[in-house]
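Take a look at the structure below.
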């Protein structure tokens, strides 16, 4: 197995790691309810995707 002949400096190590960073997720606006959502996904607030209703929202039932 190959081993380095000399120690790599911290600068070289950090240059290699410079591209492995997280980016913030893209956020789009739902056209029907105008709430923020992830693109190309069903809206978690209204259940619509491209003006088509896919998910019925469950109503909360009070326990008595």
Counting alpha carbon pairs within less than 8 Å and at least 6 residues apart, what relative contact order, in whole percent, applies to the chain?
16 percent
Eigenvalues of the Cα gyration tensor times 5, then square-rooted: what semi-axes does that give for the chain, in whole angstrom, largest first?
50, 16, 11
Residue 50 and residue 64 label points (each 7 Å along its Cα→Cβ direction) are spaced in nm at 4.5 nm
Summing -39500 (n - 2.57) over every DSSP H run of at least 4 in the chain, dividing by its residue total and rounding to the nearest 500, the 222 nm mean residue ellipticity is -3500 deg cm²/dmol
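Each value in this text was obtained by applying a stated rule to the coordinates, not by laboratory testing. Just so it is clear, the model here is predicted, and its values are computed rather than measured. As a convention, Cβ positions derive from the backbone with ideal geometry for all residues, glycine included, and neighbour counts pool all protein chains shown.
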